[in-house]
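*Asks:* What follows is a single structure, and I will ask about it in a moment.
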Amino acid sequence: MLNPSPSKLDIPASPPYPVPSTEEALPMPAARKPLAPKKPSAKISPSKASAPPAHAKAKPNTTSRFELAGPLYPIYTSVPYLSYKHSSYFQVYEKCFTPFIGKPITFIEVGVLNGGSLFMWRKFFGPNARIIGVDFNPGAKKWEKDGFEIHIGDQSSPVFWAEFFRKVGQIDILLDDGGHTNRQQIETVMQALPHIRDGGLIMVEDTHASYMPEFGNPSFHSFTSFAKSVTDKVNSRFPALKGTESLLRNRVFSTEFYESIVVFNIDSRRAVIPLPLSNEGESSDAQDFRHQHTTTGTLLNLEVKAAKLLAPLKREPFITLKHMLFKLIHRAVWEADHLKTRRYFK
Ligand SMILES: C[S@@+](CC[C@H](N)C(=O)[O-])C[C@H]1O[C@@H](n2cnc3c(N)ncnc32)[C@H](O)[C@@H]1O
C-alpha cells in the first residue's frame, strides 16, 4: 500500500496536474509487491518551533503519492504485458513527454524486454505516434505483430545506429532503458544526437548504474561523468569561455538531472552563443557590492594596490616574476574563499 497520509512536504504548492485527495487510494497493480509504507514523520513540539523544519534533516521518503499522481501510472498498470520501471520515473516522464502527447512524433525506446512499456507509450502518446523498440534480443521482433517497429542490434555499436537512422530517419524522442553500461549509454546518446529533431530530447534512465561496481563504476568514464561534461559544453557557449565547437555544444540546449535519469534537450536553434544585452533603461549609477566587506574583497583590493606599487618594474625578469606572483596570490585568494563552502561538497 502507498503512504496513506502523506505529509504536506511531499506535495509542492502547485503540481502541474491534480493530486488525489488524501482519502483517495492510488491503484496498484494486483500482482506486484506493495511499496514499503513511509515511516511516520516525527511530531514537532511547540517548544521546538524555531528548530529547522523537519524536511531540512529528514531522509527522503519512499514513493510519495505525488510521484504517481499523474496520468501515466494508471496507463502503466493497465497495459497487458510486463514492464519494469521505478516509481520516481513517472513524474519525469510526464514532465518531459507531456508536450508530445497527440503529436505525430517518432519515439524510440531502447530496451524492450517483455514489451509492456511499448504498449504504455502507445497509449500515452496516442495513435499519431510512431513507437519504435530497439533490443539486442531478436525475440523482441514478436511485438511487430502489435504494430510496433522493432530493430534488433547492439546499442553500443555505431554501425548499428548508422543503419538504424538510415532506415528510420529523424526522430523526436529517444528513451534509453537498455543495458545501462557506460559505453552503451554514452554511445547511444552520441549516435542519436545528429538525428533528433529540434525540440526533441534524449532521456537516459537507470543512471544510478554510474555509481555501481557491477557496471565498473564509480569512474571518470561513467555515464554521469559524461553527462556532467555535457553540461560544461552547454556552459561553454558563454562567449568569454571560448569553448571549442562540437556537436554537443551546438545541439544540446540544456541538460536536466533527476534521480536516476538524465535528459538532454536537443535544439540547434536555441543552442546559441548569447549576446550581452541592455534594455537602455535609466541608470542610478548603483555600485556593485559583490566583494564589499568581505575578506575576498579586501584581498583583491590589496592585489590591485600591489600591482600599482610594482608597476614601475617593467623589465624582465621582473615582469615574469610579477606575473607568477600575482597568479599565485589570485589563486590563494579564491582558494581561501572556497574553503568556506567546502563542507557542502561532502
Ligand atoms: C531494463 S530491460 C528493458 C525494460 C523495458 N523497457 C521495460 O519497461 O520493462 C533492458 C533490455 O535491454 C536489452 N539490452 C541489453 N543490452 C543491450 C544492447 N547492448 N543493445 C540493445 N539492447 C540491449 C535487453 O535485452 C533487455 O531487453
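The values are calculated or read from the model by the stated rules, or taken from the named source; none is laboratory data. All values reported here derive from a predicted model rather than from experimental measurement. Note: ideal-geometry Cβ built from the backbone for every residue, glycine included; neighbour counts use all protein chains shown. Heavy atoms of the whole protein, side chains included, go into the accessibility calculation; ligands, DNA and RNA do not. Shrake-Rupley method; radii C 1.70, N 1.55, O 1.52, S 1.80 Å.
*Asks:* Give me the accessible area of ILE150, 1.4 Å probe, in Å² rounded to the nearest 10.
*Replies:* 0 Å²
*Asks:* Could you give the length gained by full extension between ARG315 and LEU339, i.e. 0.36 nm per residue of separation minus their alpha carbon distance, to one decimal place?
*Replies:* Additional length available on full extension: 5.0 nm.
*Asks:* By average Cβ neighbour count within 10 Å, what is the ranking of 173-180, 291-298 from highest down?
*Replies:* The packing order, highest mean first, is 173-180, 291-298.
*Asks:* Further, regarding this structure: Note down the relative contact order for the range 135-184 as a percent, whole number, built from C-alpha pairs under 8 angstrom at least six residues apart.
*Replies:* Reported relative contact order: 31 percent.
*Asks:* Something else now. Please give the peptides 132-144, 156-168 ranked by average Cβ packing (other Cβ atoms within 10 Å per residue), highest first, as a rough proxy for protection.
*Replies:* Descending mean neighbour count gives 132-144, 156-168.
*Asks:* OK, next. Taking a cut-off of 16 Å, what percent of all Cα-Cα pairs in the range 80-135 are separated by more than that?
*Replies:* Of all Cα-Cα pairs in the range 80-135, 43 percent lie more than 16 Å apart.
*Asks:* Distance between the C-alpha centers of the range 142-174 and the range 232-259? Whole Å please.
*Replies:* 27 Å
*Asks:* Mind grabbing the accessible area of LEU82 for me, 1.4 Å probe, Å², rounded to tens?
*Replies:* 70 Å²
*Asks:* Here is a follow-up. Could you tell me the distance between the Cα centroids of the range 313-346 and the range 283-307, to the nearest Å?
*Replies:* Computed from Cα coordinates, the inter-centre distance equals 16 Å.
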